[in-house]
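Colleague: Pasting in a structure now, in structure tokens, and then I'll have a few things to ask.
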There are 2 protein chains.
Amino acid sequence: MSLCRKVLAHHGFSDEQAGALAGTLVAAQLDASHSHGIYRLLGIIDTVRKGGAVADAAPEVADVAPGVVRVDAKGGFSPCAFELGLPHLVAKARDAGIALMAINHCVHTTALWVELERLTEQGLVGIACNPTQAYVAPHGGKQPLLGTNPIAFGWPHPGDAPFIFDFATSAIARGDIELYRREGRAIPEAWGVDRHGAPCSDPAEVLDHGAMTPFGEHKGSALAIMIELMAGPLIGDLLSIESSEHDEGRRGLPYHGELIIAIDPSRLTGEASSAHMERSGRLFEAILGQGARLPSQRRYRERTRSLEHGAEVPLALVNDIEALLD
Amino acid sequence: MSLCRKVLAHHGFSDEQAGALAGTLVAAQLDASHSHGIYRLLGIIDTVRKGGAVADAAPEVADVAPGVVRVDAKGGFSPCAFELGLPHLVAKARDAGIALMAINHCVHTTALWVELERLTEQGLVGIACNPTQAYVAPHGGKQPLLGTNPIAFGWPHPGDAPFIFDFATSAIARGDIELYRREGRAIPEAWGVDRHGAPCSDPAEVLDHGAMTPFGEHKGSALAIMIELMAGPLIGDLLSIESSEHDEGRRGLPYHGELIIAIDPSRLTGEASSAHMERSGRLFEAILGQGARLPSQRRYRERTRSLEHGAEVPLALVNDIEALLD
């Protein structure tokens, strides 16, 4: 945490920006999400150096409707904008039963589950999603158009850890395909298509000439389109293809918007809400009881281990991060 | 339409119930959705005869929070409850920017896209979902626990038909697997698992001892869980497994709740909202331009054809429906 903040301060981040960003990266690291952990600091500093993000942006919160708060991130990173908007979103959800937060003009860290835990801590149900850049062809297509468009859902489970999932709507993360390319290995054909739209096991062809595929064929493709629309034009922000154009070949972290919906169960079912929410326990037990995986369980195991034994960070990464102080 | 209403009146449906239900069935029939069209009348009357639905239920609307309206369907079918709640949902979305409608205690027709068109007609973005009954094993599991849990999304596209998708989160509809069983054909292994959780091509084993699978592996499974929770305990209504128990072996249409969220784009981005919404056209054109399918296009083609040449209904079905008048 202190190394993170030191690096961020060194590169002109304000205290608010550095605190929120470091908090998100460390939370992801504790959950053993290496792609969203402090490794991401390298991409963050690279993006700032290339002029793709504003290190000391001061986000502005606007109360635009009884159920809607907008936060203009002013080109800064998403966590600080989220922190500033959060109390407004929570207050609106408690008042109206359901509320929406739009974060605009932000450079995104896409650790959505970290944000949703902030909602479940308050007893709120939450959904968050965002576009990214045009990497994914719609099902049946061949050209990159959609983002990897993650969606996350958070459910407060009284007396237990919240149920939270967070996944990309692409078949696999872009970073995984890049890893296969570096290692000279073939990828599963379900992960991408070549320039003609045919299933393709060559990672270089998929990344440079073809496109990634959505998960779940036409259904996953439809969800990715929904995310493009809701966390894009609906909130007055960019589609993934517009975000790619905005990037102008910098290959920086993507710049776009984010949509978060929060719902207060107690405004729906009143005093009975705790008893209703507890019924979800039956579902979770039945999932685990038949040997299936319950999303978020792996993260909680890793977190417990990290808090007990410390988070694992490769030495090479520590060296790379320390080099950012030069 | 008049045959539908005649049959419903004959079986004790009130005018309000019959009108809303017939409207939904005919709309689905015009879109060539045979499973949700007037064929469903057979299941509806069967469910009423078995005591699984209240033909003349009078739904009650409750304004429970600035952003929330609840409709107690009182054991009747969903379309009438939806119609009664709709003006409240629209008014709340226009006022707060986002609003939620919970329909409770209804027997469901699951033609969600028909409902979402009622929202897009008003310029609102909408999401609807509901549990069903326990047919689907969570990814990696083997016992039926989740419903086929449909989710639908509607997007008003200024100057053009709305973008609407509506799909089950199971790999395939239950009716399709039943069709394979009747025809003595093997199903694709991705559609179900046997009693041990192994992929299975025998439709009888999947339906009677194993379980259906969710679409999109662990991601589709997570979405199905989200729908269980949001359109179940969150709104004070049943999980799919609870709905199965409620059915008590009647094999009637499922009884449960439904969640609908409506968002008013003009409350998010004000006067700029039309211009922002129109940017979605670029996305739709790029999807069609690369030869991919755009959800809802097939429905609109069928509807145009039906309105021009009349909807096609098999004679055998007409006979079966007329027999309900005896």
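The values are calculated or read from the model by the stated rules, or taken from the named source; none is laboratory data. Small disclaimer: the values here were computed from a predicted structure and weren't measured. Cβ placement follows ideal geometry from the backbone for every residue including glycine, while neighbour counts extend to all protein chains displayed.
Colleague: Test B:Gly154 against the criterion of being modelled with pLDDT under 95 and either surrounded by 23 or more Cβ atoms within 10 Å (Cβ to Cβ) or out of contact with any His (no Cβ under 8 Å at 6 or more places or on another chain) (or both), and give yes or no. First the steps, then the outcome.
Modeller: On the way: modelled with pLDDT under 95: no; either surrounded by 23 or more Cβ atoms within 10 Å (Cβ to Cβ) or out of contact with any His (no Cβ under 8 Å at 6 or more places or on another chain) (or both): yes.
Criteria not met by B:Gly154.
Colleague: Test A:Glu228 against the criterion of being facing chain B (nearest Cβ under 7 Å), touching a strand residue (DSSP E or B) at 6+ places or on another chain (Cβ under 8 Å), surrounded by 24 or more Cβ atoms within 10 Å (Cβ to Cβ) and closer than 29 Å to B:Pro150 by Cβ, and give yes or no.
Modeller: Criteria met by A:Glu228.
Colleague: So, in region A:159-177, how many residues would count as being touching a Pro at 6+ places or on another chain (Cβ under 8 Å) and either surrounded by fewer than 16 Cβ atoms within 10 Å (Cβ to Cβ) or within 8 Å of chain B (Cβ to nearest Cβ) (or both)?
Modeller: Total satisfying the criteria: 4.
Colleague: Within region A:90-103, can one find any residue that is within 14 Å of chain B (Cβ to nearest Cβ), under 20 Å from A:Gln133 (Cα atoms), buried (at least 22 other Cβ atoms within 10 Å of the Cβ) and in contact with a Pro (Cβ under 9 Å, 6 or more places away or on another chain)?
Modeller: yes
Colleague: Let me ask another. For the subset of region B:241-257 comprising residues that are in contact with a helix residue (DSSP H, G or I) (Cβ under 6 Å, 6 or more places away or on another chain) and not aliphatic (A, V, I, L, M), which member is farthest from the other protein chains (Cβ to nearest Cβ)? Lay out the reasoning, then the answer.
Modeller: Kept after step one, since they are in contact with a helix residue (DSSP H, G or I) (Cβ under 6 Å, 6 or more places away or on another chain), are these residues of region B:241-257: B:252-257.
Imposing the further condition that a residue be not aliphatic (A, V, I, L, M) reduces the set to B:252, B:254-257.
Numbers: B:Gly252: 22, B:Pro254: 16, B:Tyr255: 16, B:His256: 13, B:Gly257: 11 Å.
Only one residue fits best here, namely B:Gly252.
Colleague: In the list B:Ser273, B:Ser201, which residue meets the criterion of being hydroxyl-bearing (Ser, Thr, Tyr), more than 10 Å from chain A (Cβ to nearest Cβ) and without any contact (Cβ under 8 Å) to a residue 60 or more places away in the chain?
Modeller: On the way: B:Ser273 fails: more than 10 Å from chain A (Cβ to nearest Cβ).
Just one listed residue meets the conditions, B:Ser201.
Colleague: Return the pairs, sorted by first residue and then second, in which the second residue is at pLDDT 95 or above and in a helix (DSSP H, G or I), the first residue lies in region A:7-31 and is among the hydroxyl-bearing types (Ser, Thr, Tyr), the beta carbons are less than 6 Å apart, and the residues are 6+ apart or on different chains.
Modeller: Short answer, once both residue conditions are applied: A:Thr24/A:Pro79; A:Thr24/A:Val114.
Colleague: Answer yes or no as to whether A:Ala211 is more than 17 Å from the chain's Cα centre (by Cα), at negative phi, surrounded by 21 or more Cβ atoms within 10 Å (Cβ to Cβ) and within 14 Å of another protein chain (Cβ to nearest Cβ). Lay out the reasoning, then the answer.
Modeller: On the way: more than 17 Å from the chain's Cα centre (by Cα): yes; at negative phi: yes; surrounded by 21 or more Cβ atoms within 10 Å (Cβ to Cβ): yes; within 14 Å of another protein chain (Cβ to nearest Cβ): yes.
The answer is yes for A:Ala211.
Colleague: Among (1) surrounded by fewer than 24 Cβ atoms within 10 Å (Cβ to Cβ); (2) in contact with a Cys (Cβ under 6 Å, 6 or more places away or on another chain); (3) not small (Gly, Ala, Ser), there is one condition A:Ile127 misses while meeting the rest; what is its number?
Modeller: (2)
Colleague: Would you pick out the residues in region A:181-198 that are within 12 Å of chain B (Cβ to nearest Cβ) and surrounded by 17 or more Cβ atoms within 10 Å (Cβ to Cβ)? Full working, then the answer.
Modeller: The initial filter retains those residues of region A:181-198 that are within 12 Å of chain B (Cβ to nearest Cβ), namely A:190, A:193, A:195-197.
Matches in region A:181-198: A:Val193, A:Gly197.
Colleague: Out of the residues in region B:258-270 meeting the condition of being under 17 Å from B:Phe153 (Cβ atoms) and touching a helix residue (DSSP H, G or I) at 6+ places or on another chain (Cβ under 8 Å), tell me which one is farthest from the other protein chains (Cβ to nearest Cβ).
Modeller: Initially, region B:258-270 is screened for residues under 17 Å from B:Phe153 (Cβ atoms), giving B:258-265, B:268.
Okay, now just the ones that are also touching a helix residue (DSSP H, G or I) at 6+ places or on another chain (Cβ under 8 Å), so B:258-260, B:262-265, B:268.
Values: B:Glu258: 13, B:Leu259: 9, B:Ile260: 11, B:Ala262: 10, B:Ile263: 7, B:Asp264: 8, B:Pro265: 6, B:Leu268: 6 Å.
That would be B:Glu258.
Colleague: If we keep just the residues of region B:38-74 that are part of a loop (DSSP other than H, G, I, E, B) and touching a residue at least 60 places away in the same chain (Cβ under 8 Å), which is nearest to B:Leu3 (Cα to Cα)?
Modeller: First pass over region B:38-74, keeping only residues part of a loop (DSSP other than H, G, I, E, B): B:38-39, B:50-59, B:66-67, B:73-74.
Add one more test, that the residue is touching a residue at least 60 places away in the same chain (Cβ under 8 Å), and what stays is B:38-39, B:50-53.
On the way: B:Ile38: 10, B:Tyr39: 12, B:Lys50: 22, B:Gly51: 23, B:Gly52: 23, B:Ala53: 20 Å.
So the residue we want is B:Ile38.
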